[in-house]
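The structure under discussion appears below in the form of C-alpha cells.
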Amino acid sequence: MAGDCTAHRDVRDGRRGAAGSTVGGIKLARLATLIKGIGHQIAGVFYPDSAVRRFRINGRALDEREADREFGEAAIVTVLWVAFLVAGVFVLLLTLPDGAYTLENVLFEVASAQGNVGLSAGITGPDSLPTPVKVMFLFNMWIGRLEIIPILVTLRAVFNRGGLYR
C-alpha cells in the first residue's frame, strides 16, 4: 500500500455515513455540526453578550442554548471516538513486535476496525494476535458499530447495578 493512499483511507474510514445509517465511524452530520460549531464558537468571541445569534444546521435554526448542546454532543462523541482510537493503537503497539508494522498501518488497522470497514493492513488474522488484542479489536468494533454514547449509558447502568458507580 502506498503511504499517502493509506493515510487518506485512515481519515476516510474515520468519518463515515449519513445520520441514521448503521455504518461505524463519526457520522457526517456530527462532523458538519462540529465544524460549523467551531466556527460559531470562534465568531461568538466577536459579538457582544447581548447579541442574538442563530446557528443553522440541517435546515434548523437553533438558539444559543440548543447550538451549545448540539456542538457539545458532537464534540464529546468525536473526542471519545478519537480517544478509543488512540487507546486501540496504544494497545496494538504494545503487543506487536518492535518494528513489525509502521504506526500508519497500526492506525489504519484500528480505524478500520472501529469504523467497521473491514479492510486490513495485514496485521489482523485468526491466529496472528494474542487474545487481549482480539478483545481490544472486538471492543473497538462494538464502539464503532453502536456508537459511544449508548455504550457509555449501558456501562453506567451495569456499574450502577453492581455498586461500582455512584
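Derivation of every value follows stated rules applied to the coordinates shown; laboratory data play no part. Note that the structure is a prediction, hence the values are computed from the model and not measured. Cβ sites come from the backbone with ideal geometry, for glycine too, and all protein chains shown count toward neighbours.
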Ordering of 117-126, 42-51, 75-84 by burial proxy (mean other Cβ atoms within 10 Å per residue, highest first): 75-84, 117-126, 42-51
If unit charges are put on Cβ atoms (+1 for Lys and Arg, -1 for Asp and Glu) and the dipole of the stretch 41-160 is taken about its Cα centre, the option from Trp81, Val133, Val158 lying farthest towards the positive end turns out to be Val158
